[in-house]
Amino acid sequence: MPKPKLPPQGGEKWLCLGMFLTIMFSVVMVVTLIYSTVIIYKPSFEEMSKNIIGPKRCTTTLVQRNITGTPEDGICSWSSCEEWCLSKGASPCSKVFGVLRDRGADMTWEGCTLEEPWFFDHTCTTLSNLEPMNCKRSKWEIERPGSKEKCTQFDDIISCEMGECKNVSNIYSCTFQDTLEDLKRPWGKGSYVTDGYCNCNQCTESNTSLVVDVTLSALQCPKDTRYCFEKDRNPDNYTDDRKELCKAPKCQTCFDMCNDQLHCLSMHSRQDVAYFGVDMTRKPPEPKLTYYNCNQGECTKIYDLKCERVCDFKTFDFKDKNLVLFSGERVVMGHCRKAFINGSTETPMPERAVQNSSWTRLAATCSLISIKEDMHTIYGSDCTNGTWLDDLGVTNYSNLVKIYSEAREDRNRFIKYKEDHFESLIPLESDITIVNNTKILKNMEGCVNTLSMECMKFYTDFAKDGANYTSRVSFDCYHDPDDPDFVVVDYTPDRTLMWLLLWSLVPAAIMICSCLYICICSRFMYTGEDGHMRIFCCGRAVTGIGHVVVYKPPVKKEKPKKRNFDNEKNEPVAI
């Protein structure tokens, strides 16, 4: 007879499940509260204890990226933003510094003619706007097509990393040093100077290589090459030893030498394109930002670049315009009849400088420019560095920015009603500066725990310090008047309080309920001799299984012994 199975009945199943869930939740909530102490409670209380005010305005002035350090030197003791707060202080780290200032003026220009030739609005292209072209693959490739056909037509300055290149000539006009021209220059000192490195200008066809280490671009100059290819050589005057030396001299042309150094490369060569923007000193080779000057795809490595912005080769005509506004990489020029400051419509701004009536072009930098075509109005938010300019005629972007940078520091050109006024109506940035150099942090802790790439977005938006002749970024920030060492970008006390209450009350409530349930069960729950759990209240089981009949298996019956007939035959029989 098979043994009957007695599964848990009635409330016993829920008792087991309830005990499991309450124990699990209590453990999880304890761990949550421990972790929240570091990532929620401590930062929240620190943020609420600070006397943070704002918003003010900040301008990024310096960015330090991927700094390496050790725990002893303290270089990475802080960073502007880290993706996980428990990793704070680890190397490498990135830091952002800036200027804290008051908000500038809010401007309104009315009666503007918003059509050419009285109006001009253009946003200059930057390096970050350029899409890199993969010069290693053709556009006809089935998978991951490239731009090799465009790369072979390069006739400009380009920047490359690991075979992916950008045409930077649309953004910059540069002077530079050329590695091929360096080889062609006279080499040597004193009385002996070669015509190019090791007389490479005198070599008509290469029959050797003078490059001894391609990873370091190291060169050597053999004796026969040096003394048998002089510029003004006369073999008839050679001594016997020199004639013996110059029987079969070796040489290399300047271009071939440059090519062996991987400094002169061709976009037409499938092998060469793999070396554009590659650091061969590393093992394995690593990407390295490198600049080249190309002529129909034949490129030479260049260095020591001195550049100026060209802003897509745009020109700026001051004819019929009396307003120039800068906002990041955007330039707006127009002709407006009236200008008002900070929402006032009673007293319009002056139309020309009080010191010089020929200064009639108003220039300023605004954080945001908006244009209402239907109202013929231009709005400028947080405008600073207001100044008067001359009629510059037709000029380029680099010259315009240079003249504006000089004019805005001249207090005689300030926007003011009277000559004896010291400050400008559109204030100079240095006049409203609160802290000249301060740390810019994502939040009070300088870190986030969401692991959603918030720090990458932070550095993309706020780490623009004007490098590479670009504009600096300005943004809202908050600061503690008693601690000028730092400012924060993300300051939301209401949200901080909400998360603090959420991560305090919910885990605590669940943990208290779980512990209370366990305590109640320990007082009223009973496990009987049959192995079943029951809750007894008022002397009886209330779980629905209090009257389960205890199963007692039947007693096993002894089997009858088998008779041994062989033994019975041999046994004597009583008569």
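General observations
- The angle between the Cα long axis of helix 493-524 and the main principal axis of the chain comes to about 10°, on a 0 to 90 degree scale.
- Annotation for segment 162-228 versus segment 29-77: alpha-carbon center distance of 51 Å.
- Percent of Cα-Cα distances greater than 19 Å, calculated over segment 345-450: 57 percent
- Exposure of Val27 as accessible area (Å², to 10), given a probe of 1.4 Å and all protein chains: 90 Å²
- Accessible area per residue in Å² at 1.4 Å probe, computed on segment 92-158: 53 Å²
- Largest to smallest accessible area among Val278, Val28 [probe 1.4 Å]: Val28, Val278
- In Hz, Karplus ³J(HN,Hα) per residue of segment 439-452 (6.51, -1.76, 1.60; θ = phi - 60°; x = Gly, Pro): 7, 10, 10, 4, 8, 4, 8, x, 7, 9, 10, 7, 6, 10
- Hydrodynamic radius of segment 228-343 per Kirkwood, over alpha carbon pairs, in Å: 20.8 Å
- Accessible surface computed residue by residue for segment 313-435, with neighbouring protein chains in place and a 1.4 Å probe, gives 49 Å² per residue.
- 0 to 90° range, to nearest 10: angle between helix 12-36 axis and the chain longest Cα axis: 30 degrees
- List Thr60, Thr315, Thr492, ordered by accessible area with a 1.4 Å probe, largest first: Thr315, Thr492, Thr60
- Cα centre as origin, Lys/Arg/Asp/Glu Cβ charges: segment 151-244 dipole, Debye: 260 debye
- For segment 319-388, with +1 on Lys and Arg beta carbons and -1 on Asp and Glu, the positive-most of Ser381, Ala353, Gly334 along the dipole: Ala353
- The share of accessible area on the chain that comes from carbon and sulfur is 54 percent, using a 1.4 angstrom probe.
- Applying the criteria of a DSSP loop state and at most 12 other Cβ atoms within 10 Å to the chymotrypsin sites (Phe, Trp or Tyr not before Pro) of segment 374-480 yields Tyr417, Phe422.
- Ordering Met107, Gly188, Thr61 by Cα displacement along the dipole of segment 46-189 toward the positive end leaves Gly188 in first place; charges were set at the Cβ atoms of Lys, Arg (+1) and Asp, Glu (-1).
- Nearest-ten-degree value, helix 397-407 long axis tilted from longest Cα axis of the chain: 90 degrees
The values are calculated or read from the model by the stated rules, or taken from the named source; none is laboratory data. A quick note: this is a predicted structure, and the numbers were derived from the prediction, not measured. Using ideal geometry, Cβ is built from the backbone for each residue, glycine included, and neighbour counts are taken over all protein chains shown. Quick note on the areas: whole protein, heavy atoms, side chains included, nothing else; ligands and nucleic acids left out. Shrake-Rupley method; radii C 1.70, N 1.55, O 1.52, S 1.80 Å.
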